[in-house]
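Visitor: Sharing a structure here in structure tokens format.
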Amino acid sequence: MTNAMPEPVTLPLSREEPFDPPGDLGRWREEGPIRPMLYADDHVGWLATGYSAVRAVLADPRFSTETTRLHPPISQRARLQALAKLPGFFIREDPPEHTRLRRLLTGQFTVRRMRQLEPRIEKITADRLDAMEREGAPADLVREFALPIPSLVICELLGVPYGDHERFQRDSTTLLSLESSIEQVREAMEDLLDYIRGLVVRKRAEPGDDLISGLIATGRLTDVEIAGASVLMLIAGHETTANMLALGTYTLLKNPAQLAALRDDPSLADAAVEELLRYLTIVHIGPVRTAMEDVEIEGYTIRAGESVTLSLGAANRDPERFDSPDTLDITRQATGHVSFGHGVHQCLGQQLARIEMRIGYPALLRRFPGLRLATPDEEVAMRSNMAIYGVHRLPVAW
Amino acid sequence: MRIKADTDVCIGAGMCVLTAADVFDQSEEDGTVVVLLPEPPADKEGAVRRAVQVCPSGALSIS
Ligand code: HEM
Ligand code: SF4
């Protein structure tokens, strides 16, 4: 670069507007797609905010995602180092190890397979709505609806008894909280792994027709790897969709015309889901990658060993890619957003998440046409302190 | 238009199927792309171009 490089920034997390990306990300993107960033361990690496730069890094095999190579973008992230290398945790593996595991799983997550699950997901959704209606208003939408639906679905898919959900819910909350200590993270991960390893042993003896039994049956993975991959899917599979369901509903409640449009015309659901994914971008810290050799990205040289934090939220608001990016418009063509990432690690569960949302939002809005917030906005606690953004609770009435 | 798909590169994300369902499918076995119409009719070309664009792994190309 010939231009003077701006001073390194740190990654902002606190937001002025609950649905907009934090701090100065938008302004920084206007100044340039990539800029120097100070990491929590004093490493000076990079922050990418431009849509095409973010995609370029995520698609480039010269960048690694192995935990041991990554610098922590925020201090709390250092705790991730506590997890160093977990066998089977393929979100943190590079090819070819990553490819081997991912290949064994993609067949289970095809568009067609996921569509076969639709009737089950519709039933689970209707059951939760019945329960909510029985209990009466006000209700916490997170506890009664947004969290149980994806949790029940991923449990069924993996073959994890839902009756144990309090245990893994507690562990996964600890894992995702930026306020947990390294010790707490390590303990939660050990507990979760213990639990799943026990399950794998039982399923080896008595297989079912679930995904974990299926992985055992391939004969190509060790129990330790199966446990690692299962823990990953269990955590990734419910916290993410849960936050989209709750935060998405909150967003719609603040945009009543679009809420009404979606409620009255279910054919809008597909586009609305993509737009809410884009607009809200709940993965608000990273992903992070580290260059394994010097790489040139849009005129910036990322040297071997330097980390790049990819701001998916800023990329999804890039006016070069999306017209009026800061406007929520559930009728726009939002596909191409990077909310599920990009490149070889692009979300394995994205088709499942899409179906859960496509069924969830309209079912909720049609069951409770008078749905409204049952608390002042100031009292809705946002998840700025969690790895996945959203709301902690959403009190609603109808 | 001719579509080429590299199943060694494909990660089975299914974006192609979502974008152009009559042109692409995924194998039951490993979820990688199956091209149903390697030479798609003209009215599908727009959707195919979009699929190539959104494919996260760069497995698809057209000539
Ligand atoms: C709206 C919901 C969801 C969002 C926004 C989301 C987002 C993401 C993102 C951004 C990544 C890429 C991480 C990286 O590049 O480092 C990812 C990967 C992943 N997601 Fe999701 N996800 C969601 C739902 C799910 C569900 C329901 C599952 C269920 C199995 C799941 C399983 C995974 C797995 C296993 C990976 C790792 C893939 C790999 O490394 O090859 N996700 N997700
Ligand atoms: S979109 Fe690309 S990676 Fe995904 S299934 Fe199709 S070809 Fe494979």
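Nothing in this text is a laboratory measurement; each read-out follows from the coordinates by a stated rule. The shown structure was predicted, so the numbers you read here are calculated from the model rather than taken from an experiment. Note: ideal-geometry Cβ built from the backbone for every residue, glycine included; neighbour counts use all protein chains shown.
Visitor: So for the range A:128-199, considering every pair of alpha-carbon atoms, how many percent are separated by more than 18 Å?
Guide: 50
Visitor: Assign unit charges at the C-beta atoms only (+1 for Lys and Arg, -1 for Asp and Glu), then state the dipole size of the range A:1-47 relative to its Cα centre in Debye, rounded to the nearest 20. Please report the intermediate quantities before stating the final value.
Guide: Working: 4 positive and 9 negative charges, 27 e Å.
About 140 debye.
Visitor: Amide H of A:SER64 versus every other amide H placed in the peptide plane: which residues, excluding those fewer than 5 positions away on the same chain, fall under 5 Å?
Guide: A:THR290, A:ALA291, A:MET292
Visitor: Could you put B:CYS55, A:CYS347 in order, starting from the residue whose Cβ has the fewest other Cβ atoms within 10 Å? Spell out each step's value before the answer.
Guide: Details: B:CYS55 25, A:CYS347 20.
Lowest count first: A:CYS347, B:CYS55.
Visitor: Are there trypsin sites (Lys or Arg not before Pro) in the range B:1-62 that DSSP puts in a loop and that have at most 12 other Cβ atoms within 10 Å, and which ones? List each step's numbers first, then the result.
Guide: Details: sites: B:ARG2, B:LYS4, B:LYS44, B:ARG49, B:ARG50; in loops: B:ARG2.
Passing sites in the range B:1-62 are B:ARG2.
Visitor: Let me spell out the model: positive unit charges on the Cβ of Lys and Arg, negative unit charges on the Cβ of Asp and Glu, origin at the Cα centre of the range A:23-397. What dipole size does that give, in debye rounded to 20? Display every interim value, and only then the final one.
Guide: Values: 44 positive and 53 negative charges, 148 e Å.
Magnitude of the dipole: close to 720 debye.
Visitor: May I pose another question? Please name which of A:SER177, A:LEU141, A:GLY50 has its Cα lying farthest along the dipole of the protein assembly as shown towards the positive end, using unit charges on Cβ (Lys, Arg +1; Asp, Glu -1) and the Cα centre as origin.
Guide: Looking along the dipole axis, the top candidate is A:LEU141.
Visitor: What percent do you get for the relative contact order of chain A when only Cα pairs under 8 Å and 6+ apart count?
Guide: 25 percent.
Visitor: Given the Cα atoms of the range B:3-62, and with Rh set as the inverse mean 1/r over their pairs in the Kirkwood sense, what is Rg to Rh to two decimals? Please report the intermediate quantities before stating the final value.
Guide: Numbers: Rg = 10.1 Å, Rh = 11.0 Å.
Looking at the range B:3-62, the ratio lands at 0.91.
Visitor: For the range A:245-298 and the range A:133-149, write down the distance between their C-alpha centroids in whole Å.
Guide: 22
Visitor: Considering the options B:THR32, B:VAL17, B:GLN53, tell which one lies farthest towards the positive end of the dipole of the range B:3-62, charges being +1 on Lys and Arg and -1 on Asp and Glu at the Cβ, about the Cα centre.
Guide: Checking the options against the dipole of the range B:3-62, the answer is B:GLN53.
Visitor: Could I ask something else about it? Considering the options A:LEU157, A:HIS238, A:THR335, tell which one lies farthest towards the positive end of the dipole of the protein assembly as shown, charges being +1 on Lys and Arg and -1 on Asp and Glu at the Cβ, about the Cα centre.
Guide: A:LEU157
Visitor: Shielding by partners for A:339-345, please: the mean number of other protein chain Cβ atoms within 10 Å of each residue's Cβ. Can you show the working numbers first?
Guide: Numbers: counts 0, 3, 2, 5, 5, 7, 4.
Per residue, the number of nearby Cβ atoms from other chains is 4 on average.
Visitor: Could you give the size of the charge dipole of the range A:256-398 about its Cα centre, using +1 on the Cβ of each K and R and -1 on the Cβ of each D and E, expressed in debye and rounded to the nearest 20? Write out the running numbers ahead of the final one.
Guide: Working: 14 positive and 19 negative charges, 145 e Å.
Here the range A:256-398 has a charge dipole of around 700 debye.
Visitor: Could I ask something else about it? Assuming a viscosity of 1.002 mPa s and a temperature of 20 °C, what translational diffusion coefficient in µm² per second does Stokes-Einstein assign to the range A:193-280, Rh being the Kirkwood radius over Cα pairs? Spell out each step's value before the answer.
Guide: Numbers: Rh = 15.7 Å.
Taking Rh from Cα pairs, D becomes 136 µm²/s.
Visitor: Moving on to the next point. For each pair in A:LYS85/A:LYS123; A:LYS123/B:LYS4; A:LYS123/A:LYS203, compute the distance between the two Cα atoms and list the pairs where it is over 30 Å. Show your work: numbers first, answer last.
Guide: Values: A:LYS85/A:LYS123 38 Å; A:LYS123/B:LYS4 40 Å; A:LYS123/A:LYS203 26 Å.
The pairs that break the limit, which is 30 Å between Cα atoms, are A:LYS85/A:LYS123; A:LYS123/B:LYS4.
Visitor: Ordered by residue, what ³J(HN,Hα) values in Hz, to whole numbers, does the range A:194-203 give under the Karplus form 6.51 cos²θ - 1.76 cosθ + 1.60, where θ = phi - 60° and Gly and Pro are x?
Guide: These are the phi-based 3J(HN,Hα) values: 4, 4, 5, 4, x, 5, 4, 4, 5, 6 Hz.
Visitor: If you plug each phi of the range A:162-177 into the Karplus form 6.51 cos²θ - 1.76 cosθ + 1.60 with θ = phi - 60°, what whole-Hz ³J(HN,Hα) values come out, in order, with x for Gly and Pro?
Guide: Once rounded to whole Hz, the list reads 5, x, 8, 5, 4, 5, 6, 5, 4, 4, 6, 4, 4, 5, 8, 7.
Visitor: Let me ask something else. Mind checking the log10 I(q)/I(0) for the range A:23-397 at q = 0.08, 0.11 Å⁻¹? Debye, one equal scatterer per Cα, no solvent, two decimals.
Guide: Once normalised to I(0) and log-transformed, intensities are -0.40, -0.79.
Visitor: Continuing with this model, one more query. Return the sequence-ordered ³J(HN,Hα) values of the range A:151-157 in whole Hz as given by the Karplus equation 6.51 cos²θ - 1.76 cosθ + 1.60 applied to θ = phi - 60°, using x for Gly and Pro.
Guide: Once rounded to whole Hz, the list reads 5, 4, 5, 5, 4, 4, 4.
Visitor: Another question about this same structure. So what is the relative contact order for the range B:3-62, in percent, with contacts set as C-alpha pairs under 8 Å and at least six apart?
Guide: On the way: 96 pairs, mean separation 27.4, N = 60.
Reported relative contact order: 46 percent.
Visitor: With only alpha-carbon pairs counted, each pair once and no self-pairs, how large is the Kirkwood hydrodynamic radius of the range A:145-244 in angstroms?
Guide: Values: mean 1/r = 0.0725 Å⁻¹.
After inverting the mean inverse Cα-Cα distance, the result is 13.8 Å.
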